[in-house]
Amino acid sequence: MAIRVQTQPFDPGAEVNAMHAANVGVGAVVSFVGYVRDFNDGLDVAGMFLEHYPGMTEKALAKIVVEAEQRWPLLKLDVLHRIGALEPGEPIVFVGAASAHRQAAFDACAFVMDYLKTRAPFWKKEHTSEGPRWVEGRSSDHAAADRWK
């Protein structure tokens, strides 16, 4: 398990490759990469600033990862989330799940993203064509997370 919250950019391809590099027992790696969009809710987005609560954020992410590891037979599970100033097109989040078989990796990756969107303490402020605004959680994110209860 690796959890990283960082300001530095990351290379999604390198993250995926690292998921299986040290373990030939990995039969499947499923990953999700989220990117900053240049639009949201009908507005142009010039950038975003992500805030978090140091210590609390990592603890919340660790709880999500531990729950995923208890639900599925995983060989590796990594979560990387950027904070600070980001521009459209930059990767913001990476979740990678490795398992001997694909279904566990698919399910674990989806579970982690659904819970990350609803349970991890991150706050996003978009810089839009109408000025800055805080991004609210979506009911669709909560509905997605509810399927894992």
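Here is how the numbers come out for the structure above:
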{"read-out": "Angle between the chain longest axis and helix 102-119 axis [Cα atoms, degrees, rounded to 10]", "value": "30"}
{"read-out": "Gain in span if fully extended, HIS101 to HIS127, counting 0.36 nm per residue against the direct Cα distance", "value": "5.2 nm"}
{"read-out": "Packing-based ranking, highest mean first, of 126-134, 97-105 given that Cβ atoms within 10 Å are counted", "value": "97-105, 126-134"}
{"read-out": "Assigned charges on the beta-carbon of Lys, Arg, Asp, Glu; segment 21-149 dipole about Cα centre (debye)", "value": "480"}
{"read-out": "Intensity falloff of segment 24-78 expressed as log10 I(q)/I(0), Debye formula with alpha-carbon point scatterers, at q = 0.12, 0.23 Å⁻¹", "value": "-0.51, -0.98"}
{"read-out": "Whole-number accessible area per residue in Å² for segment 6-149, which is evaluated in the context of all protein chains at 1.4 Å", "value": "54"}
{"read-out": "Around VAL29: net Lys/Arg minus Asp/Glu count, Cβ-Cβ under 12 Å", "value": "0"}
{"read-out": "Segment 3-147: relative contact order as a whole-number percent, Cα under 8 Å and 6+ apart", "value": "33"}
{"read-out": "Within the chain, percent of DSSP bridges classed antiparallel, to nearest 5", "value": "85"}
{"read-out": "TRP134 versus ASP44: modelled label distance in nm, points set 7 Å from Cα along the beta carbon direction", "value": "2.7"}
{"read-out": "Where N is the number of residues in the chain, Cα Rg divided by 2.2 N^0.38 Å", "value": "1.06"}
{"read-out": "Distance from segment 101-125 to segment 31-47 (C-alpha centre basis), Å", "value": "18"}
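The values are calculated or read from the model by the stated rules, or taken from the named source; none is laboratory data. Model, not experiment: these values are computed from the prediction. Counting neighbours? That spans all protein chains shown, and the Cβs are built from the backbone with ideal geometry, glycine included. For accessibility, only protein heavy atoms count, side chains too; no ligands or nucleic acids. Shrake-Rupley method; radii C 1.70, N 1.55, O 1.52, S 1.80 Å.
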